[in-house]
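S.K.: One structure, as structure tokens, below. Some questions next.
No lab work stands behind these numbers, since they all come straight from the coordinates. All of these numbers come straight from a predicted model, not from anything done at the bench. Ideal geometry is used to build each Cβ from the backbone, glycine not excepted, and the neighbour counts take in all protein chains shown.
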Amino acid sequence: MNIILNGQKKEINQNLTVLQLLSELNIDPRKVAVERNLQLIRRTEHEQTMLNDGDNIEIINFVGGG
């Protein structure tokens, strides 16, 4: 199955959730926001939100500073 991840085509396993994708990418879900097809996915929904072929996923890192 193919998705677009931050503008790049990426092949992933079928039946993968947002949380599983973040885990495969070694990304702490507490430190990012995830958008699927231009809609923000709430962190509480990461575990049950399934990815579909052709989804456009954007993972946005929070950056602190002053």
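S.K.: What size of dipole, in debye to the nearest 20, comes out for the chain about its Cα centre when the only charges are +1 on Lys and Arg C-beta atoms and -1 on Asp and Glu C-beta atoms? Spell out each step's value before the answer.
M.R.: Details: 7 positive and 9 negative charges, 39 e Å.
With only Lys, Arg, Asp and Glu charged at Cβ, the dipole is about 180 debye.
S.K.: FRET efficiency for Gln20 and Arg42, Cβ-Cβ distance as r, R0 = 22 Å, nearest 0.05? Spell out each step's value before the answer.
M.R.: Numbers: r = 16 Å, r/R0 = 0.75.
The computed FRET efficiency comes out at 0.85.
S.K.: Output the Kirkwood hydrodynamic radius of the chain, Cα pairs only, in Å rounded to one decimal. Present the calculation step by step, with values, prior to reporting the outcome.
M.R.: On the way: mean 1/r = 0.0831 Å⁻¹.
Kirkwood radius, the chain: 12.0 Å.
S.K.: Suppose only helical runs count, i.e. DSSP H with n ≥ 4. What mean residue ellipticity at 222 nm does that imply for the chain under -39500 (n - 2.57) per run, divided by all residues and rounded to the nearest 500 deg cm²/dmol?
M.R.: Details: 1 runs with 7 residues, N = 66.
Only helices count here, giving -2500 deg cm²/dmol.
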